Amino acid sequence: MTEAFDRFSFYGMITLLPLYLNAVLLKPGVVEDVIGLAAFRVLLFGDTMPTAVALASAIYGFYAGTVSIMPLLGGVIGDRVLGARRAVLLGCLAMAAGHALMISADWFLVAIVLLMTGSGLVRANMAAQVASLYGPGDTRRKRGFGIYLIGLNVGALAAPLVAGTLGERFGFDWGFGAAAIAMVVAIAIYLAGWRQLPPDAVRTGPAEHRAPLTGGDWRIVGALILLLIPLILGSMAYNQAFNILLVWASTAVDRDIAGFVMPVTWFVTIDGALTVTAIVAVTRIWAWQARRGCHGSDWSALLLGGLLYTAALLVLAFGTWRAGDGLVPIWPVLLFFVCADVAIPLTYTVIQSIFARAAPVTIVALMLGVFTSYDAIAQYGVGALGGLYGRLSTTDFWLMHAGVAAAGVVATLVLRPLIGPLLREVRPVPLGPTAAR
């Protein structure tokens, strides 16, 4: 339940952030009063004066990307300094304060620093606590993580419906306020269950001695890092769905459904529901193949996933081109999410399973940490590419993203003969409906 409300607050922020930046924060009369923004803009762009859209996209990419790498720091703090329980509590408090500060535009940068720091503390240490609830060999651990993922999904799916709708219909302060209240509820739930949580075990001694990696181990490490290239490119193209796509769809897409104008933030909930459905469907197909002794190739799955990402962006480009100067019908956007969400288990889940199985046994955890860094790189790329919105025609903007996804397909084709022999063939291991987030 703590995780459900934590993810409600996080996805509420992600859903509203690009809309808020373009509609409120970066408008004349407001942007000048944001503490530290002028220095932050110079840090991102140097002496170049970016457009409001480019600056908004860069801020979004910086936030989403940094959130993805902060758990590395959060894990160290929980492991070595505070312990998991105090780290999670501190993280929840920081996120509650960050959401509350979002109500004042002047404190925006302070707010996102608190949100990024708090999210890193919570993400890294909450999952570790779930694992610590069970002893070695306890078969209930898998079911425990299943319950944990259910809570995570509930929060992620509810946020656009509640915080997103409040933000769009009644004002952004209402949406951010709902996220702040969610974190207060999370803190109350966490404290109520404090006695049932596993005790903290802060490690202060020297690290365990590990056998040095062999030359073959280092070649596998290099191959795994190269394997992230197609995932980064596909995710960079797809994740524009949570940045510019929302800004574009708020004015350019016909969202009228039988007289009801669907809030644009609901696209995020649709995406979440389709992701869960796609992962369930794909994992069942994998299970059916396994029963028949017909295992699909990991490389074929990666190639199909890349093609689906490319097709998703081409659908958006086609819908925009076909609409001309009129509103784009809703079906290209929905078809975009269908194609992209089917691609997620074919790329993310497959590559993560390869990392888990092929990494040298002494650094599996470290390599899984390296794996998570792909999202930070992809999100920084989302911010950079989003800055071209308005400088290109909308059709060309989506075609450019289709080209990025297609580059991921080319990378897969090039890498297969180069690194395929280094990575033993492994079966995809489904991880959970929200793994791709």
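Total residues in region 233-264 satisfying the condition of being within 20 Å of the chain's Cα centre (by Cα) and not in a helix (DSSP H, G or I): the figure is 2. Could you say whether any residue in region 80-99 is free of Cβ contacts under 8 Å to residues at least 60 places away in the same chain, out of contact with any His (no Cβ under 9 Å at 6 or more places or on another chain), open to solvent by 40 Å² or more (accessible area, probe 1.4 Å) and closer than 29 Å to Leu385 by Cα? So far as region 80-99 goes, no, none of its residues is free of Cβ contacts under 8 Å to residues at least 60 places away in the same chain, out of contact with any His (no Cβ under 9 Å at 6 or more places or on another chain), open to solvent by 40 Å² or more (accessible area, probe 1.4 Å) and closer than 29 Å to Leu385 by Cα.
The one condition from (1) open to solvent by less than 10 Å² (accessible area, probe 1.4 Å); (2) within 18 Å of Gly306 (Cα to Cα); (3) at pLDDT 90 or above that Thr275 does not meet is (3).
When we screen Val361, Val382 for residues that are of a type in the set (Val, Ile, Thr) and open to solvent by less than 20 Å² (accessible area, probe 1.4 Å), the only hit is Val382. Take the conditions (1) open to solvent by less than 30 Å² (accessible area, probe 1.4 Å); (2) at pLDDT below 90; Gln196 misses just one of them, which is (1).
Tally up the residues in region 233-254 that are surrounded by fewer than 19 Cβ atoms within 10 Å (Cβ to Cβ) and of a type outside the set (S, T, N, Q), please. Count: 2.
Considering region 54-78, and only residues there that are over 20 Å from the mean Cα position of the chain (by Cα) and small (Gly, Ala, Ser), the residue that is surrounded by the fewest Cβ atoms within 10 Å (Cβ to Cβ) turns out to be Ala54.
One residue stands out in region 155-185 among those that are under 19 Å from the mean Cα position of the chain (by Cα) and open to solvent by 50 Å² or more (accessible area, probe 1.4 Å): the one that is farthest from Ala23 (Cα to Cα), namely Leu157. Residues of region 37-48 that are surrounded by 14 or more Cβ atoms within 10 Å (Cβ to Cβ) and either of a type in the set (A, V, I, L, M, F, W, C) or part of a loop (DSSP other than H, G, I, E, B) (or both): Leu37, Phe40, Leu44, Phe45. Annotation note: of Leu73, Leu115, the sole residue that is modelled with pLDDT under 85, under 27 Å from Ile377 (Cβ atoms) and in a helix (DSSP H, G or I) is Leu73. Scanning region 282-298 for residues that are without any contact (Cβ under 8 Å) to a residue 60 or more places away in the chain and either assigned to a helix (DSSP H, G or I) or under 21 Å from Ile150 (Cα atoms) (or both) yields Arg284, Ile285, Ala287, Trp288, Gln289, Arg291. Restricting Leu308, Leu313 to residues that are open to solvent by less than 10 Å² (accessible area, probe 1.4 Å), in a helix (DSSP H, G or I) and either touching a residue at least 40 places away in the same chain (Cβ under 8 Å) or under 28 Å from Val410 (Cα atoms) (or both) narrows the list to Leu313. Thr51 meets each of the listed conditions (1) out of contact with any helix residue (DSSP H, G or I) (no Cβ under 8 Å at 6 or more places or on another chain); (2) crowded, with 20+ Cβ neighbours inside 10 Å apart from (2). Counting only helices (runs of 4 or more DSSP H) that sit wholly inside region 337-436, those with at least 1 residues that are modelled with pLDDT of 85 or more and in contact with a strand residue (DSSP E or B) (Cβ under 6 Å, 6 or more places away or on another chain) are 394-419.
The values are calculated or read from the model by the stated rules, or taken from the named source; none is laboratory data. Note that the structure is predicted; figures quoted are calculated from it, not measured. Virtual Cβ from ideal backbone geometry, glycine too; neighbours counted across all protein chains shown. The protein model used for the area step is the full one, side chains on, heavy atoms only, and it has no ligands, DNA or RNA in it. Shrake-Rupley method; radii C 1.70, N 1.55, O 1.52, S 1.80 Å.
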